[in-house]
Amino acid sequence: MTAGKDPASGLEGPAEREPAERPHGWAFQRGGPRARVLMAVMARRGSRRAFFWAAAVVVLLSAASAGCLLWEIRAVQGNLAAAEAATYRISTEMVRHRQSANETLSSLRKHTAAARKAASTPVWGVAEKLPLMSPPLRTARGLSVAADEMATGVLPEALRLQQMLASGQIVHNDRVDLHRLSAATELLGKVHRQLAGIQTGLSGLPGSTAVGRVDRERQRLSDRLAGLSESVSKAEKTTRLLAPVLGASGPRSYFVAFQNNAEARGTGGLVGTFGILTADHGRITLHDFASDDTLPQTPTPVADFGPAFTGRYGPAESAQGLANSNLSAHFPYAAQIWVGLWQRHTGRRLDGAIATDPVGLAHVLEATGPVRLPDGKRLTAANTVELTESTLYASHSNIERKRFLVQVAQSVAAALLNGHPDSGALLRSLRQNADDGRLRVWTREASTQSALEEAGLAGEVPQRTGPFAYLVVNNSAGNKMDYYLGRSLTYELGPCEGGTRSSVVRIKLTNAAPAAGLPALVTLRSDDPGHPHPPGSTQVWLSLYASSGARFTGATLDGRQLLLSSAEERGHPVLGAQVELLPGRSREVDVRLLEPASERSPVVPVQPLARPQHTKVFVRPCAK
C-alpha cells in the first residue's frame, strides 16, 4: 500500500489497494456486462423449467381428466346396457305376473341412477362445452336422463297399473267396476304425460353427433318411446270411453253383430249371429242371441244416408236387411241400419251397435283362456277362426251351424263376464281388435261418438284430403270362399308436377282354396247359378276408395284394359269392378290415378278379413 494526498485537504492518507487478480479480469465485476448476460441466461433457464413443469402439470391433469371422462363414458355405457337388459326382464315379468318384477325394477333404477350420475360430473360438464365433444356428450347425458326418468317415473306407475289390472277386480261377476276402471284410466293418463315429457327432452338433443352409436341409440329410444306413447294414449282413450258406453249415467243397450269373414262385407263380414248387450252402471247382460234369419227383411229402408249411398247400395237393398247391411266400409252406416232393423222388428230403441268377428273372438280367448262349448268341444284362441269359418261347414248342416255359432257367442260372452279374466290381457286384446278393425262401436250420443273416432274405434271412412287408398272386397257369389282370400296392395305415389301427382295402386287377389273337397254351401255360385263354374271359384266386388279429388286415368286386369264403375262416398271417389277368382290362382288389378299434390302422409286402411292384407307404400315426396 502507498501513501497519497487527499486532493481536497492536501493531507496524506492511506494509499488505494490495488485490485486483486480475478479470473477473466473485469468482466465478472458486479453489474458487469457478462454478469448481466449470465443472470439473463439463468433467468431464461428458470422460466423454461417453470414452463416445462407447468406444461407437465397441465398434461397430467388433462390425462387424468381424459381418464376420468373415459371412465365416466364407460360407466354410462355399461349402466345403460344393464338397464336395457333389466327393462326387457321386467316387461316379461310384468306380463307373467312375477313378484320378481319389483326386484328387477330396483336393480334397473340403480343402473339408471349410476349412468345419470356418471354423465353429470364436473369433468363431463367441462368436456361438454368443447366444440367437437359437445354434441355426443350432450346426447349421451340426455339418454341417461331419459333412462332414469323411465325407471323412476314411468315403470313404477306401469307396474302399479299392471298389478291393478291383474287383480281380477275390474271385471268380475257380470260387472265392470267403473271406480277401479277410472283409477286405471287416470294412471294411464299419468304415464302418458310422463312419456310425453321424456320425448320432449329427447327431441331437444343433437340428432347428428358424428358418433354413429350415440345417434342410433337416441333414434332407437325415440322410436320406442313414440310407439309406447301411442299405445298408452290409445289405451287411455279406450278405457275412458268404457264408462259412458257401459252405462255410467244410466242403462245403455247395443246391437252386437258377430261378422263372418268367410263371406266378405265392407265392414268385415256377413252378420251371421247377433245379440243385445245391456249395460247399467257397469253391470253387463248379453241376451237375445239369434242367427241372421230371425231378423226379417223390411219393405222400406230403415235409414237414409243420402243419394250417393242410395245410388251405390240401394239396388242391393242395403238399408232393408242384414244380409247386405254392411256393403259400405263406413261402419256407422251399418250400425244405424242394424239398430233400425231391430227397432222396426221389435219396437225397442237401442243406443248403439258393436261389431266383432271370429278373429276378434280369438284375441279375447287369449285373455279369458279356452271355453267349453255345450257339445263338449273346446274353443281356443288357436282354433276359433278355422272352426267357425271353415270346419263347421263340413260337419254341420246350415241350421245346425247357425245354432252352433249362437252357442259360440254365448260361451265367449260368459267367459268374458264370469271367468275373472286378467284385465290387462283383456285390455290388450280389445286394443288389438280395435287396431285391426275387429272391434267397432257406434253410439247415438254425439260426444261419445266423437271420442270413439278419436280412439280409433268408430270404423269410419275418414273425410280427409291427402293420399288415400282403401281396398274393400264384398262377396258377390253368396258363398263362404273368402276364408281363402289373400290380398296385397301396393300404393306407388309418383312425383308432384303442376299441383298433381301420378300414382298407381296395384292390387293382387289370390284364391287359396283347393280345387276339390269343399262343401257345396262353401263353393256355391248364387251370382250365376245358370252357368257352370270351376269348383272352388268365386266372384268378388272389388272397390277402391281413392284420394279425395283424384281422377281415374286407367286400369288393367292381368295386364288387359279394365273398365271400372265410378261413384263417390264420403268425399272419396270409389272405383269398382267384379272379379272372378279361380282356385289356386291370383289376379292383378292396377289402377292409375291423377291425385292432388299433397305433403300429407298416405293413409291405407285395411278391411278386416280372415287373412291379413300385405301392404306396401312407396312415396316420392313433393318438392318444396
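Rundown of residues vs (1) in the same structural domain as SER144 (by TED's automatic domain parsing); (2) modelled with pLDDT under 85; (3) crowded, with 17+ Cβ neighbours inside 10 Å, yes/no style:
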residue: ALA183; (1), (2), (3): yes, no, no
residue: LEU187; (1), (2), (3): yes, no, yes
residue: ALA196; (1), (2), (3): yes, no, no
residue: GLY204; (1), (2), (3): yes, no, no
residue: THR209; (1), (2), (3): yes, yes, yes
- Note on the structure: Matching residues in the range 567-610 (in contact with a strand residue (DSSP E or B) (Cβ under 6 Å, 6 or more places away or on another chain) and either under 22 Å from ALA458 (Cα atoms) or without any contact (Cβ under 8 Å) to a residue 24 or more places away in the chain (or both)) number 11
- Message: I'd like the full set of residues that are closer than 18 Å to VAL579 by Cα and either touching a helix residue (DSSP H, G or I) at 6+ places or on another chain (Cβ under 8 Å) or polar (S, T, N, Q) (or both), limited to the range 491-521.
- Response: THR510, ASN511, ALA512, ALA513
- Note on the structure: Of ASN418, ASN474, the only residue that is touching a residue at least 40 places away in the same chain (Cβ under 8 Å), out of contact with any helix residue (DSSP H, G or I) (no Cβ under 6 Å at 6 or more places or on another chain) and surrounded by fewer than 19 Cβ atoms within 10 Å (Cβ to Cβ) is ASN418
- Message: I'd like the full set of residues that are over 21 Å from SER526 (Cα atoms) and assigned to a helix (DSSP H, G or I), limited to the range 305-326.
- Response: PRO307, ALA308, PHE309, THR310, GLY311
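For the range 226-249, does any single residue satisfy the condition of being assigned to a loop (DSSP other than H, G, I, E, B), in contact with a Pro (Cβ under 9 Å, 6 or more places away or on another chain) and in contact (Cβ under 8 Å) with a residue 12 or more places away in the chain? Reasoning before the result, please.
Initial filter on the range 226-249 (assigned to a loop (DSSP other than H, G, I, E, B)): 246-249.
Now narrow it down to the ones that are in contact with a Pro (Cβ under 9 Å, 6 or more places away or on another chain): none.
Looking for residues that are assigned to a loop (DSSP other than H, G, I, E, B), in contact with a Pro (Cβ under 9 Å, 6 or more places away or on another chain) and in contact (Cβ under 8 Å) with a residue 12 or more places away in the chain, one finds none in the range 226-249, hence no.
Just give me the residues in the range 570-587 being of a type outside the set (A, V, I, L, M, F, W, C) and either under 13 Å from ALA512 (Cα atoms) or surrounded by fewer than 18 Cβ atoms within 10 Å (Cβ to Cβ) (or both), in sequence order.
Filtering the range 570-587 for residues of a type outside the set (A, V, I, L, M, F, W, C) gives 570-573, 576, 578, 580, 583-587.
Within the range 570-587, GLY571, GLY576, GLN578, PRO583, GLY584, ARG585, SER586, ARG587 meet the criteria.
Which ones in the range 450-469 are touching a residue at least 40 places away in the same chain (Cβ under 8 Å) and farther than 28 Å from GLU366 by Cβ? Don't jump to the end; show me each part of the working.
Step one: filter the range 450-469 for residues touching a residue at least 40 places away in the same chain (Cβ under 8 Å), giving 451-452, 454-469.
Correct list: VAL461, PRO462, GLN463, ARG464, THR465, GLY466, PRO467, PHE468, ALA469.
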- Query: Of the residues GLU599, GLU568, which single one is charged (D, E, K, R), under 29 Å from the mean Cα position of the chain (by Cα) and outside the structural domain of GLN259 (by TED's automatic domain parsing)?
  - Reply: GLU599
- Given (1) more than 34 Å from the chain's Cα centre (by Cα); (2) farther than 14 Å from LEU471 by Cβ; (3) crowded, with 17+ Cβ neighbours inside 10 Å, where does SER548 come up short, assuming only one miss? (1)
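Working only within the range 296-306, note down all residues that are more than 37 Å from the chain's Cα centre (by Cα) and either surrounded by fewer than 14 Cβ atoms within 10 Å (Cβ to Cβ) or closer than 16 Å to HIS330 by Cα (or both). I'd like the intermediate steps shown before the answer.
Restricting attention to the range 296-306, the residues satisfying the condition of being more than 37 Å from the chain's Cα centre (by Cα) are 296-302.
Listed by number, the residues that qualify are PRO296, GLN297, PRO299, THR300.
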- Having 1 or more residues that are more than 25 Å from the chain's Cα centre (by Cα), among the aliphatic types (A, V, I, L, M) and over 30 Å from ALA184 (Cβ atoms) is the bar; report the helices (runs of 4 or more DSSP H) wholly within the range 381-491 that clear it. 392-395, 398-418
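Would you confirm whether any residue within the range 143-152 is hydroxyl-bearing (Ser, Thr, Tyr) and crowded, with 19+ Cβ neighbours inside 10 Å? Show your work before the answer.
Let us first name the residues in the range 143-152 that are hydroxyl-bearing (Ser, Thr, Tyr), namely 144, 152.
Now restrict to residues that are crowded, with 19+ Cβ neighbours inside 10 Å: 144.
Yes: the range 143-152 contains one or more residues that are hydroxyl-bearing (Ser, Thr, Tyr) and crowded, with 19+ Cβ neighbours inside 10 Å.
Listed here are the residues, each with its yes/no results for (1) of a type in the set (D, E, K, R); (2) in contact with a helix residue (DSSP H, G or I) (Cβ under 7 Å, 6 or more places away or on another chain).
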{"site": "ASP148", "(1), (2)": "yes, yes"}
{"site": "GLU157", "(1), (2)": "yes, yes"}
{"site": "LEU161", "(1), (2)": "no, yes"}
{"site": "LEU165", "(1), (2)": "no, yes"}
{"site": "ASP177", "(1), (2)": "yes, no"}
{"site": "ALA184", "(1), (2)": "no, yes"}
{"site": "GLN199", "(1), (2)": "no, yes"}
{"site": "LEU205", "(1), (2)": "no, yes"}
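Just to be sure, is ILE354 surrounded by 19 or more Cβ atoms within 10 Å (Cβ to Cβ), assigned to a strand (DSSP E or B) and modelled with pLDDT of 95 or more?
Details: surrounded by 19 or more Cβ atoms within 10 Å (Cβ to Cβ): yes; assigned to a strand (DSSP E or B): yes; modelled with pLDDT of 95 or more: yes.
Considered against the rule, which asks whether it is surrounded by 19 or more Cβ atoms within 10 Å (Cβ to Cβ), assigned to a strand (DSSP E or B) and modelled with pLDDT of 95 or more, ILE354 comes out as yes.
The values are calculated or read from the model by the stated rules, or taken from the named source; none is laboratory data. Worth saying up front: this structure is predicted, and the values here are computed from it rather than measured. Please note: Cβ atoms are built from the backbone with ideal geometry, for glycine as well, and neighbour counts cover all protein chains shown.
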